[in-house]
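Notes to accompany the following structure.
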Amino acid sequence: MAENEEKVKTTNYRKNKYRIYIGTYDKPLMTGDGSIFLGKGDGIQILTMDAEAGRVIYQGRNRETSNTSWINCAVDGKILYVVNELDEFEGKETGAVSSFSLEDNGEINVLQTISSEGRAPCHLGVSPDGHGMAVANYSSGNIVLYRLKGDETFEHSQQIQLDGKGPNSIRQAGPHAHCVLFDRTGSHLLVTNLGNDTIRVYTYRKDLIQIDENSIFVYKGKPGSGPRSMDFSADGKYLYVTNELDGSISVLSYQETSGQLTCIQNVPVNEWKDESEKDAAGLAISPDGRNLYMTTRNINQLMGFHRDPKTGLLKHIQSIETAGANPRSLAISPNGRWLIVGNQDTDNITIYERDPVDGRLHITEKLQVNTPVCVQIF
């Protein structure tokens with residue numbers, strides 16, 4: 001009887017609760033403009049959220065990692081992969097990539113940490129088949145492919161160096177890989193290069209866990225726009241890209257066979273008072289595909305858009321304060337009801353409830369978390 005009761009409790013817990021994993025900066029890091037940022041974080045913070053009421057409680061932390069700036073989950077949901085945004089690892093000018101076992105109670109334990117083969121890794125993506133992983137190294141401007149071996153280990157497979165520069169002499173003096181994204185077919189890997197305003201589309205060889213060195217398509221954005229974050233619509237027809245340097249978001253149509261990208265809309269997300277305010281960051285699409293949300297760091301706002309599922313086009317519906325400074329990452333709960341933003345410079349996260357009808361948000365809670373950089377909800 002006791003065993004059956006425990007199984008019921010576990011099942012109900014997984015159904016009614018979410019785990020929130022927040023990566024933090026805890027070691028000095030050189031930023032995009034050359035300044036040094038001193039974080040106050042402490043590893044990966046783990047919180048629990050009630051799926052219906054939205055209540056969030058602190059569960060614990062894992063200190064086996066540093067400067068965790070992006071977190072992703074394996075296809076089977078059993079492992080977390082993270083990038084450690086460092087300029088030095090094991091005495092070399094490189095960052096690191098780590099893997100963690102994901103336990104039933106939400107706790108995580110480090111499995112492996114190896115070099116990212118480049119400085120300041122800031123993003124990673126896992127291939128749809130679960131056998132490959134790509135990492136973007138921002139400062140060194142290269143991308144690295146890893147083979148996920150199926151025995152809880154992974155190994156280096158390939159490295160590709162990006163090139164180019166842009167009109168912004170401080171932020172675009174060289175290549176800066178910022179986001180890596182597999183399309184839903186797993187046939188292509190897309191890479192944003194903030195350094196020269198491009199998105200490259202590479203053919204991904206699933207059998208080799210490598211990409212062809214020459215991209216099959218190069219999308220050229222507006223000079224000085226600085227493409228940063230991106231995500232696909234669920235049907236794979238549209239790609240959404242935040243442009244960090246000119247504070248806009250682009251809607252691109254995507255051809256899965258050829259990898260061709262075509263801009264169909266470019267939305268300036270605010271009436272910027274001066275150039276220094278333009279700073280677009282993260283984005284997230286609601287699970288129902290009806291809304292897109294985006295953080296803007298220098299003005300500390302969260303922008304909400306209605307998304308037309310047929311045309312892919314966006315319409316601005318809301319600008320709301322993030323109740324903190326430098327909102328970087330955001331995440332939406334699997335049921336689409338809750339949205340969380342991490343405010344890096346004021347050491348807090350802000351929780352919003354989302355209206356399922358009109359997509360508008362309202363703040364429900366603000367919690368202290370030191371130097372939150374990446375937020376993920378599973």
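The values are calculated or read from the model by the stated rules, or taken from the named source; none is laboratory data. This one's a predicted model, so the numbers in the text were calculated from it and none came from an experiment. Cβ sites come from the backbone with ideal geometry, for glycine too, and all protein chains shown count toward neighbours.
Is it the case that some residue within region 365-378 is in contact with a strand residue (DSSP E or B) (Cβ under 9 Å, 6 or more places away or on another chain), at negative phi and among the hydroxyl-bearing types (Ser, Thr, Tyr)? No - not one qualifying residue is present in region 365-378. If you check ASP33 against the conditions, is it within 30 Å of HIS188 (Cβ to Cβ), of a type outside the set (Val, Ile, Thr) and not in a strand (DSSP E or B)? Taking the combined requirement at face value, the residue does not satisfy it.
Residue by residue, here is whether (1) touching a Lys or Arg at 6+ places or on another chain (Cβ under 6 Å); (2) surrounded by 22 or more Cβ atoms within 10 Å (Cβ to Cβ); (3) closer than 29 Å to LYS366 by Cα holds:
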residue: PHE100; (1), (2), (3): no, yes, yes
residue: ASN109; (1), (2), (3): no, no, yes
residue: GLY118; (1), (2), (3): no, yes, no
residue: ALA134; (1), (2), (3): no, yes, no
residue: SER139; (1), (2), (3): yes, yes, no
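Would you check if there is a residue in region 74-83 being closer than 18 Å to ALA177 by Cβ, crowded, with 24+ Cβ neighbours inside 10 Å and in contact with a strand residue (DSSP E or B) (Cβ under 6 Å, 6 or more places away or on another chain)? For region 74-83, residues closer than 18 Å to ALA177 by Cβ, crowded, with 24+ Cβ neighbours inside 10 Å and in contact with a strand residue (DSSP E or B) (Cβ under 6 Å, 6 or more places away or on another chain): present. ILE299 falls short on exactly one of the conditions (1) under 30 Å from LYS165 (Cβ atoms); (2) aliphatic (A, V, I, L, M); (3) in a strand (DSSP E or B), and that condition is (3).
On the phi > 0 side of the Ramachandran plot and without any contact (Cβ under 8 Å) to a residue 40 or more places away in the chain, is that true of GLY141? So GLY141 does not fit the description; no. Output the residues belonging to region 188-212 that are free of Cβ contacts under 8 Å to residues at least 12 places away in the same chain and basic (Lys, Arg). Of everything in region 188-212, just one residue is free of Cβ contacts under 8 Å to residues at least 12 places away in the same chain and basic (Lys, Arg), namely ARG205.
Residues of region 282-311 that are surrounded by 21 or more Cβ atoms within 10 Å (Cβ to Cβ) and of a type outside the set (A, V, I, L, M): GLY282, ASN291, TYR293, THR295, THR296, ARG297, GLY304, PHE305, ARG307. Restricting attention to region 21-54, the residues that are free of Cβ contacts under 8 Å to residues at least 24 places away in the same chain and farther than 21 Å from SER116 by Cα total 3. Restricting attention to region 190-238, the residues that are in contact with a Pro (Cβ under 9 Å, 6 or more places away or on another chain) and hydrophobic (A, V, I, L, M, F, W, C) total 3.
Being more than 24 Å from ASN168 (Cα to Cα), part of a loop (DSSP other than H, G, I, E, B) and at pLDDT 95 or above is not true of GLY224. Confirm whether LEU181 is assigned to a strand (DSSP E or B), more than 20 Å from GLU117 (Cα to Cα) and of a type in the set (A, V, I, L, M, F, W, C). Answer is no for this residue. If the condition is being among the acidic types (Asp, Glu) and within 13 Å of ILE22 (Cα to Cα), then region 33-59 contributes only ASP42. Could you say whether any residue in region 332-339 is over 26 Å from PHE37 (Cα atoms), surrounded by fewer than 16 Cβ atoms within 10 Å (Cβ to Cβ) and in contact with a strand residue (DSSP E or B) (Cβ under 8 Å, 6 or more places away or on another chain)? Within region 332-339, one or more residues are over 26 Å from PHE37 (Cα atoms), surrounded by fewer than 16 Cβ atoms within 10 Å (Cβ to Cβ) and in contact with a strand residue (DSSP E or B) (Cβ under 8 Å, 6 or more places away or on another chain).
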